[in-house]
Amino acid sequence: MTIPFPLQLSQNEALFDWVAGKVALCRPDNVHWCDGSDEEYQFLAQKLVESGTLAPLNSELRPNSFLARSDPRDVARVEDRTFICSKRPVDAGPTNNWRQPKAMKAQLLALFDGCMQGRTMYVIPFCLGPLDSRIARIGVEITDSAYVALSMRLTTRCGDAVLRPLGESDGFVRCVHSLGMPLGEGAEDVPWPCNPENRYIAHFPDSRQIWSFGSGYGGNALLAKKCFALRVASVMARDEGWMAEHMLILGLTNPQGEKKYIAAAFPSACGKTNLAMMTPSLPGWKVECVGDDIAWLRVKADGRMYAVNPEFGFFGVAPGTSYATNPNAMDTLKRDVLFTNVAQTPDGDVWWEGMTREKPPHLTDWRGEEWTPESETPAAHPNARFTARASQCPSIDPAYDDPRGVPISAILFGGRRPGTVPLVFEARDWAHGTFIGSTIASETTAAASGQVGQIRRDPMAMLPFCGYHMGDYLAHWLDIPSSTTPDKLPKIFAVNWFRKGEDGKFLWPGFGDNARVLKWIFERCDGQHAGRETPIGTVPAHGELDLSGLNLSDGALETLMEVDSEAWRIEATSIREHYVLFGEHLPFELRDELEELEKRLA
Ligand code: GTP
Ligand code: SPV
Ligand code: MN
């Protein structure tokens, strides 16, 4: 077979050798070298329609958009099948699954042997971060999934444009993906090929390789996203002195036209996309979106921390998205969208729980079954997603593709906490903020397979995404101030939109009203508001939070702001237990912070 190397664009022998090696291993019927063009997008979509993976949506209601229904066994990230294959187990640390690299590679080579027979191999060069930015990194994914190729086209800068900055360098991250379902002679394909019995999402941080087998869904298969931009990039960032974080980036402008950028780390399905695209309920305030999931951060020569979004598109949670909660997302989704596992309306459009007040009387659910409001299962899978280019978002920030990045004034940590954690509080300084980030806990969500609603500690929302020892990662956070002065560092805050009242309902309206909290944060960064000191940090003093036009009972407000010492003593005990996990890798500064907290609570 001839491999269609783009010889007129590149003489990169390392790249061509690597691809040739993978062709020999996987033995696809064809190789398609992705150029990233619009024609290619149409070609891939058409092919997926023919194979039954995609259904075209009604082109009058949702132009150039498609719906995929996955295999019901392949609907989310699989954390128990995700491995960090560092030389020593201690380098993966207590929060990752470790596999010995040689043994894992041997197992993978056996699985990948002939795994693409009867299929096409797509070769996708991609760039994370603006093409000419210093922080940008290049990867190449090979995959036998046209769905993955199409998704990568929507969410990364990819194709021919990447070959110039790559040049003849062999410093690209090697990403190898297969659905794990070769088609022998005369074998029938299925709409969503996968191999749930043999799933491996394996990372080799030392050789900067990612090998993924058996899943076609999201973070398991779009290797540029969690596998590279977080797990492998976090290792690069540690080695090179920057940070790869599970954070949104937004620009916040006040009525006077002053703008600050904010980054925020919340665990999966805990509100990043919604905050990044928010329409503020406060008149005169504006939020613009730089990124909704991942931030790469670096302290530059002026001493300030700058952020870029390594991605170029969104892979966002569909359920809960509506014109009431997130109009910018809804407008992003008007055309050119790939939906996965949402429900379909009789007129060929999409629907998901929360999209409209009234449930439609009749739908086809995400499994392809008849659905009515009386059905006992949801119409859309709780982890149903939309995939769309960032440029389609009406509130996209003018600097979202700026190679210089944007200067960050504040970092927020958050999660789903039905109790204990107030709406917002501010850390004293960077070390205290790192302590708070390291203790973040949240209810688990449908973004990963497993139980939903279990509270677990998720330091910096990076528990599933840190490519090395979590204790060393926390030490890396504590090293950041050494490259600048304290006044230039972002201020650190914790937020919780998810506190519940005794009736089990959320006390805070959330979404656009989160702007009220952002306003207080913005103004704290400018030295306004005295705040109220509590043992855990500074909360807004009475009257500091702008609640104009909001119908919130005094009781609800009081609970939202409450710092209950008894509940926090229990929390501190639980943090102490959580810290045991890191053993000698727990930075002493964090143990000191915990002891200080315990003293303040005593
Ligand atoms: P990942 O893409 O998995 O990393 O998720 P994310 O952090 O971007 O979460 P997203 O913004 O997609 O929100 C997930 C779910 O939480 C959706 O169903 C939202 O409707 C809901 N949600 C987001 N923000 C809020 C909020 O302020 N209040 C409430 N009650 N729900 C929210
Ligand atoms: C997450 O789970 O945090 C996501 C979705 O953003 S996935 O890309 O599947 O990881
Ligand atoms: Mn995410």
The range 225-245, subset touching a Cys at 6+ places or on another chain (Cβ under 9 Å) and closer than 21 Å to residue 446 by Cα, residue farthest from ligand 2 (Cβ to nearest atom): 231
Some residue of the range 295-310 being within 16 Å of ligand 2 (Cβ to nearest atom), at pLDDT 95 or above and acidic (Asp, Glu): no
Pairs where the first residue, in the range 508-534, is farther than 13 Å from residue 546 by Cα and hydroxyl-bearing (Ser, Thr, Tyr) and the second is buried (at least 21 other Cβ atoms within 10 Å of the Cβ) and at pLDDT 95 or above, C-beta under 9 Å, 6+ apart: 534/422; 534/425
Residues of the range 535-555 that turn out to be closer than 25 Å to residue 566 by Cα and open to solvent by 30 Å² or more (accessible area, probe 1.4 Å), as a count: 5
Filter pass, residue 201 being within 30 Å of residue 7 (Cβ to Cβ), touching a helix residue (DSSP H, G or I) at 6+ places or on another chain (Cβ under 9 Å) and of a type in the set (Val, Ile, Thr): no
Selection from the range 1-24 of residues that are free of Cβ contacts under 8 Å to residues at least 24 places away in the same chain and part of a helix (DSSP H, G or I): 16, 17, 20, 21, 24
Residues being surrounded by fewer than 21 Cβ atoms within 10 Å (Cβ to Cβ) and acidic (Asp, Glu) - total across the range 415-452: 2
The range 323-372, residues that are without any contact (Cβ under 8 Å) to a residue 24 or more places away in the chain, in a loop (DSSP other than H, G, I, E, B) and open to solvent by less than 70 Å² (accessible area, probe 1.4 Å): 345, 360, 365, 372
Set 27, 99: member being over 30 Å from residue 331 (Cβ atoms), touching a residue at least 12 places away in the same chain (Cβ under 8 Å) and in contact with a Gly (Cβ under 6 Å, 6 or more places away or on another chain): 27
Any hit, the range 67-84, residues being in a loop (DSSP other than H, G, I, E, B), at pLDDT 95 or above and over 26 Å from the mean Cα position of the chain (by Cα): no
Within the range 426-459, tally of residues that are part of a loop (DSSP other than H, G, I, E, B) and small (Gly, Ala, Ser): 6
Unmet criterion (only one of (1) under 22 Å from residue 76 (Cβ atoms); (2) more than 16 Å from ligand 3 (Cβ to nearest atom)) for residue 217: (2)
Selected residue (criterion: surrounded by the most Cβ atoms within 10 Å (Cβ to Cβ)) from residues of the range 460-482 that are in a helix (DSSP H, G or I) and of a type in the set (Phe, Trp, Tyr): 473
Output for the range 156-179, where each listed residue is open to solvent by 10 Å² or more (accessible area, probe 1.4 Å) and within 21 Å of the chain's Cα centre (by Cα): 157, 158, 174
Test for residue 457: is it within 14 Å of residue 267 (Cα to Cα), away from ligand 2 (no atom under 16 Å from the Cβ) and open to solvent by 20 Å² or more (accessible area, probe 1.4 Å): yes
Residues that are over 13 Å from residue 495 (Cβ atoms) and of a type outside the set (Phe, Trp, Tyr), drawn from the range 251-266: 251, 252, 253, 254, 255, 256, 257, 258, 259, 260
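The values are calculated or read from the model by the stated rules, or taken from the named source; none is laboratory data. Here the structure is a predicted model, which is why all the values come from computation and not from measurement. In this analysis, Cβ positions are derived from the backbone assuming ideal geometry, glycine residues included, and neighbour counts consider all displayed protein chains. What goes into the accessible areas is simple: the full protein's heavy atoms, side chains included, and nothing from ligands, DNA or RNA. Shrake-Rupley method; radii C 1.70, N 1.55, O 1.52, S 1.80 Å.
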